[in-house]
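The values are calculated or read from the model by the stated rules, or taken from the named source; none is laboratory data. Just so it is clear, the model here is predicted, and its values are computed rather than measured. So basically every Cβ, Gly included, is an ideal-geometry build from the backbone, and we count neighbours across all protein chains shown. These accessible areas exclude ligands, DNA and RNA; they are computed on the full protein's heavy atoms, side chains included. Shrake-Rupley method; radii C 1.70, N 1.55, O 1.52, S 1.80 Å.
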Amino acid sequence: MGRFDLETLPRCGAKTRSGHPCQRYGNKANGRCKLHGGRSTGAKTKEGKLAVRVNALVNAFMWHFYKRLDLKIKKIDVENALHAYWRLIGLSEMQTRNLDKVIEIVRQYRFELETVKYYIAEYEGPEALLLIQSALDHYYKDTAAEHLKFHIYSAVFPTPYFNRLSGSHAELAHEMRIFSKTERKKGFGYTARMPMDPVQKVLNKYLKKLKTSNKS
C-alpha cells in the first residue's frame, strides 16, 4: 500500500489568533484541521449534549440533588411532551398505515416523552401512559435502539411504583465515578461553583440595574 499524499488534502484556512488563515492540512470531511473542528463536531443528540454538560468538577452533591429530588426539568421539555402527546391522541384512532406519523413524532420528541410520561399519566390516567409507551415502543422496535442512557444525566419524573430516591444502579455508579474523579483531582470536599437559584438571578439583575440607575 502506497504512502498517503498529504498534498491532496486542503489547507484548513480557519482564522487563527494572529489573523492569518491556518496552514495545517484539513481532513476530507470538512476541510478543517484537528485544532479547528476537524476531528469532532461535538455532541449532536440531546442525550450527548446532556452528557457533556455534566462537568465532573462541578459540585456533584448539588447536581445529584437537583436531578433526583428537586427535578430541575425545563418548561420547554414539558410543553414539547404535551404537544407530542396531544398529537398522538389525534393519531390513536387511525389505521396502521399512519404509523409513520407516530414514529416521526417520537423521533422528534422522544427525550421529552420519556422525561415527562409519568407526569402526564399522573393527571391523565394510565391510558395516557399506555398510549405514550406504545408509541415509544414502536419507535424503539423500528430503530433497534439501545435503550436510554440520558436518565443518568437528566432529571426524569419518577415512576409511580418501585421508584428509588437514590436513582438507578447506573446513576449511582456514574455519580460515584464523578465523586472519585473530583476527589482525585481537587481533594476531598471540593465544591467548585454552585448553581444560582433562579430567584437569586432575578434579584441580582434587579440590584445591578438599580445600582446603574443611581450612578447616572
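If you go through segment 102-110 one residue at a time, do you hit one that is more than 26 Å from Lys72 (Cβ to Cβ) and not in a helix (DSSP H, G or I)? No - not one qualifying residue is present in segment 102-110. The residues on offer are Thr45, Thr143, Thr96, and the sole one that is over 30 Å from Lys185 (Cα atoms), of a type in the set (Ser, Thr, Tyr) and at pLDDT 75 or above is Thr143.
Within segment 63-87, residues that are more than 21 Å from Val199 (Cα to Cα) and at pLDDT 90 or above reach partners that are open to solvent by 80 Å² or more (accessible area, probe 1.4 Å) and basic (Lys, Arg) with beta carbons closer than 9 Å, at six or more positions or on different chains, in the pairs Arg87/Lys101. Whenever a residue of segment 6-32 is without any contact (Cβ under 8 Å) to a residue 12 or more places away in the chain, its partners that are surrounded by 13 or more Cβ atoms within 10 Å (Cβ to Cβ) and not in a strand (DSSP E or B), lying with C-beta atoms within less than 8 angstrom and at least six residues away or across chains, give the pairs Lys15/Cys22; Thr16/Cys22; Pro21/Cys12; Pro21/Gly13; Pro21/Ala14; Ala29/Gly38; Asn30/Gly37; Asn30/Gly38.
Residues are listed down the side, and each one gets a yes or a no for (1) within 23 Å of the chain's Cα centre (by Cα); (2) part of a helix (DSSP H, G or I):
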| position | (1), (2) |
| --- | --- |
| Lys67 | yes, yes |
| Leu71 | yes, no |
| Ala81 | yes, yes |
| Ala84 | yes, yes |
| Asn98 | no, yes |
| Thr115 | yes, yes |
| Glu127 | no, yes |
| Leu131 | no, yes |
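If you go through segment 91-125 and keep only what is open to solvent by less than 100 Å² (accessible area, probe 1.4 Å) and acidic (Asp, Glu), you end up with Glu104, Glu112, Glu114.
With respect to the conditions (1) open to solvent by 40 Å² or more (accessible area, probe 1.4 Å); (2) at pLDDT 80 or above; (3) touching a Ser or Thr at 6+ places or on another chain (Cβ under 9 Å), His151 lacks only one, and its number is (2).
Among the residues here, Lys72 qualifies as open to solvent by 20 Å² or more (accessible area, probe 1.4 Å), touching a Phe, Trp or Tyr at 6+ places or on another chain (Cβ under 8 Å) and within 28 Å of Ile178 (Cβ to Cβ).
The residue list Ala128, Ala144 contains one member that is among the hydrophobic types (A, V, I, L, M, F, W, C) and open to solvent by 30 Å² or more (accessible area, probe 1.4 Å), which is Ala144.
Conditions (1) closer than 14 Å to Ser154 by Cα; (2) modelled with pLDDT of 75 or more, marked per residue:
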| residue | (1), (2) |
| --- | --- |
| Leu6 | no, no |
| Gly13 | no, yes |
| Asn30 | no, yes |
| Lys49 | yes, no |
| Val58 | no, no |
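Contact annotation: residue pairs with Cβ atoms under 6 Å, 6 or more positions apart or on different chains, pairing a residue in segment 164-177 that is at positive phi with a partner that is surrounded by 11 or more Cβ atoms within 10 Å (Cβ to Cβ) and in a helix (DSSP H, G or I), are Gly167/Arg68.
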